[in-house]
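Read through the structure below, which is laid out as structure tokens, and then see the notes.
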Amino acid sequence: MYFIVFAILPNWFTADSMVDMENWPEIEKAATEKRRELVFQGPTFNERISCDGGLPPALYSLALLNYLEVSQCPNLTEIHEDIQRLTNLQSLILCRNRLSSVPNVVGMLKSLKVLDLSVNSLSSLPEGVTQLKELTTLNVSCNSLEVLPEGLSRCTKLSNINVSKNRLTGFPADFYSEKLDLLSILIASDNSIEQLSGDVLKLAAIKVLDLSNNKLKEIPSDLSDCAKLKEINFKGNKLSDKRLEKMVNGCQTKSILDYLRGKGKGKQGEEGGDADGGRKADKGKRQQRKKKEKVGDQQDETEELNKMVVRVLHVSDSPTALSVTVSAEVKDVRPYLVCCVVTGMNLKAGNALKRFLVAQTKLHDDLCGKRTTATIATHDVQLIKAPLTYDVKRPIELKVVSLGRKEMTAVELIRQLQVEADELRKQKRRQNVTGLHKYLQLLQGKAMYPCIVDAEGHVISFPPITNSEKTKIKKTTKELFLEVTSAVSLQTCKDVMDALIVKMAELNKFTAEHREEAGSDGEGDGPQDPAASSEPSSELTVQQVRTLDQDGNLKVVYPSKTDLCNNISNVNVIW
């Protein structure tokens, strides 16, 4: 007797899917566990994409996905039109690939809120983007776009647009629209934009406007009517008003807006009136202008005094300066590193240390993309045994005393962190990828792991996973060794380090102004240092640190003259 058995397979299960399941087990796992998030990132997935000629067809059958990221895969040059089947997608991250086009059907993703197509090879955007009514964030920076599609004003929920580092010469006619009443951040630096329309005032919610390094000759006085505008950047434009050009290269937003406001009123005053009345009006205006300029000068002086001070100590001025030797092998693992030493940071007072650690975590979550683009580590200089080496080790040979844990190999640590990440997901009843999952994946498939090793051979840092308990900062730490590593770019490291130092300056100023007592958080640090009762100082000193190759040749020195100079108008850097 024979029995015929019929197997009922999921509707996404095809012959192609069977092949996909072998090469892409993550897709099968996402399907069986009904996951909402999926991340493909880095060399391992890039190689699979190369072998398969693109992303696997089965990916587009995961209808439950609300977060899809495919990044750092230069072999990815196109996205199939089947992307339209992922109708529940809310975030589509396709950054740092080599996409030359995006299908117009992306407009069918009606739930999409975040679209990141940055660092690709796009020369145009599909008109379908303008159909994304739920879109809040659009990042198309670092491409070759010459125009933006007409109709972006239909994306009425847009709040953040980044079109920097393209070839744009202007914005679409409908872009300056009252419909974009939630747009608060517009970054369009490093393009060829020739004109900013006075209709920019229609963007009622705009708070941050960056048009640096373009081809603007004029800045419309109407910009001063943008009531919520807090931060503008027009540096690198050759303005016809040389006084204004000088201001945008050195002044704060408020001063520039006041100047533009004055120009706007001046134009209105020229209309109509008899000659005698005009002369009287001109005289009155001159007197008012002088008063305003005097008040403005006083405000500028007050703002200058209120600026935070960061002094840069040149490495040549310190015979005991730290340096880091970088081995050639890190090039294929995590090649970029910048370091510096900071003194003057008061961690002893009150909750200063806790505030600093919270700020570092926030930078990791935001600017560092949950450690996927860069990682920060801090160390107590007094606990470091110099010289330092940035090197690689086999996972089974890399031993580290991770923060709050006993010594273990990198293999054991990552396995334990993976278990903890999975447990956290279950506890929160979420079927998505946590921040911990994301940066654990960065080392997936790598034969060697990056680490910073001291003179005694101890691993003091294992990026992007952890730094060592042995060099952990405490409330008594007076000198901090800071490191930022990345697999993305050297500039990414520098931008993160800039942001970290500015944040440290802000926290130090807060601590000094509030004059918190040491031990006021209940940690019992013992008797207060008598010197601490004197006038507190918030000034920081940043000592340069060199990274060298194995032959002793200079690779990078941080900070250099080009660092700590962008978008930090509230900090006075003294070289």
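The values are calculated or read from the model by the stated rules, or taken from the named source; none is laboratory data. Remember, it's a predicted structure, so these values are computed and weren't measured experimentally. With ideal geometry, Cβ positions are generated from the backbone for all residues, glycine too; neighbour counts draw on all protein chains shown. For the accessible areas, the whole protein counts, side chains as well, though only heavy atoms, and no ligand, DNA or RNA atoms are used. Shrake-Rupley method; radii C 1.70, N 1.55, O 1.52, S 1.80 Å.
Contact map, the stretch 374-386: first residue within 21 Å of K348 (Cβ to Cβ) and part of a loop (DSSP other than H, G, I, E, B), second residue open to solvent by less than 10 Å² (accessible area, probe 1.4 Å) and among the hydroxyl-bearing types (S, T, Y), Cβ cut-off under 7 Å, separation 6 or more or different chains; pairs are I384/T471.
Can you tell me which residues in the stretch 138-167 are open to solvent by 40 Å² or more (accessible area, probe 1.4 Å) and part of a loop (DSSP other than H, G, I, E, B)? Spell out how you get there, then give the answer.
Keep residues of the stretch 138-167 that are open to solvent by 40 Å² or more (accessible area, probe 1.4 Å), which gives 142, 146-147, 150, 154, 156-157, 160, 165, 167.
Those that are open to solvent by 40 Å² or more (accessible area, probe 1.4 Å) and part of a loop (DSSP other than H, G, I, E, B): C142, E146, V147, E150, T156, K157, K165, R167.
Would you check which residues across the stretch 32-47 are over 17 Å from L440 (Cβ atoms) and either in contact (Cβ under 8 Å) with a residue 60 or more places away in the chain or touching a Phe, Trp or Tyr at 6+ places or on another chain (Cβ under 7 Å) (or both) and list them?
So the first thing to find is which residues in the stretch 32-47 are over 17 Å from L440 (Cβ atoms), and the list is 32-34, 36, 46-47.
The answer is E33, K34, R36.
Mind listing just one residue for me: the one in the stretch 188-202 that is aliphatic (A, V, I, L, M) and under 24 Å from the mean Cα position of the chain (by Cα) and, of those, surrounded by the most Cβ atoms within 10 Å (Cβ to Cβ)? Taking the candidates together, the pick is A188.
Taking every residue in the stretch 320-340 that is farther than 17 Å from K393 by Cα and pairing it with any residue that is open to solvent by 70 Å² or more (accessible area, probe 1.4 Å), at least 6 positions away or on another chain, the pairs with Cβ-Cβ distances below 7 Å are S323/P387; S323/R546. Of all residues in the stretch 61-85, those that are among the hydroxyl-bearing types (S, T, Y) have Cβ atoms under 7 Å from Cβ atoms of residues that are open to solvent by less than 40 Å² (accessible area, probe 1.4 Å) and not in a loop (DSSP other than H, G, I, E, B), 6 or more apart or on another chain, in Y67/E37; Y67/S91; S71/Q41; S71/I93.
Looking only at the stretch 61-110, count how many residues are within 19 Å of G128 (Cβ to Cβ), open to solvent by less than 10 Å² (accessible area, probe 1.4 Å) and hydroxyl-bearing (S, T, Y). Selection size over the stretch 61-110: 0. Taking (1) open to solvent by less than 70 Å² (accessible area, probe 1.4 Å); (2) part of a loop (DSSP other than H, G, I, E, B); (3) modelled with pLDDT of 70 or more in turn, C251 satisfies each apart from (3). Applying the set (1) at pLDDT below 90; (2) part of a helix (DSSP H, G or I) to C368 leaves exactly one unmet item: (2).
For the stretch 359-377, a residue qualifies if it is over 16 Å from V488 (Cα atoms), open to solvent by 30 Å² or more (accessible area, probe 1.4 Å) and either acidic (D, E) or touching a helix residue (DSSP H, G or I) at 6+ places or on another chain (Cβ under 9 Å) (or both), and the qualifying residues are K362, D365. Please specify each residue of the stretch 438-466 satisfying the condition of being of a type outside the set (A, V, I, L, M, F, W, C) and surrounded by fewer than 24 Cβ atoms within 10 Å (Cβ to Cβ). Selection gives K438, Y439, Q441, Q444, G445, K446, D454, E456, G457, H458, T466. Just one residue in the set N508, N572 is modelled with pLDDT of 70 or more, touching a Gly at 6+ places or on another chain (Cβ under 8 Å) and either open to solvent by less than 30 Å² (accessible area, probe 1.4 Å) or within 24 Å of N249 (Cα to Cα) (or both); that residue is N508. Quick one: would you say I256 is at pLDDT 85 or above, surrounded by 13 or more Cβ atoms within 10 Å (Cβ to Cβ) and not in a loop (DSSP other than H, G, I, E, B)? So I256 fits the description; yes. Kindly establish whether D282 is open to solvent by 60 Å² or more (accessible area, probe 1.4 Å), at pLDDT below 90 and not aliphatic (A, V, I, L, M). So D282 fits the description; yes.
With respect to (1) under 24 Å from the mean Cα position of the chain (by Cα); (2) closer than 22 Å to T169 by Cα; (3) modelled with pLDDT under 90, the lone exception for N214 is condition (3).
Across the stretch 176-229, the number of residues qualifying as touching a strand residue (DSSP E or B) at 6+ places or on another chain (Cβ under 6 Å) and assigned to a loop (DSSP other than H, G, I, E, B) comes to 2. Filtering V433, V411 for residues that are at pLDDT below 90, β-branched (V, I, T) and either open to solvent by 20 Å² or more (accessible area, probe 1.4 Å) or out of contact with any Ser or Thr (no Cβ under 7 Å at 6 or more places or on another chain) (or both) leaves a single hit, V433. Within the stretch 299-309, is there a residue that is open to solvent by less than 30 Å² (accessible area, probe 1.4 Å), closer than 26 Å to Q252 by Cα, modelled with pLDDT under 60 and over 26 Å from the mean Cα position of the chain (by Cα)? Within the stretch 299-309, none of the residues are open to solvent by less than 30 Å² (accessible area, probe 1.4 Å), closer than 26 Å to Q252 by Cα, modelled with pLDDT under 60 and over 26 Å from the mean Cα position of the chain (by Cα).
Inside the stretch 116-137, can you point out the residues that are outside any loop (DSSP other than H, G, I, E, B), charged (D, E, K, R) and over 17 Å from C95 (Cβ atoms)? Before the answer, list the steps.
Taking the stretch 116-137 first, the residues outside any loop (DSSP other than H, G, I, E, B) are 116, 127-131, 137.
Keeping just the survivors that are charged (D, E, K, R) gives 116, 127.
Of everything in the stretch 116-137, just one residue is outside any loop (DSSP other than H, G, I, E, B), charged (D, E, K, R) and over 17 Å from C95 (Cβ atoms), namely E127.
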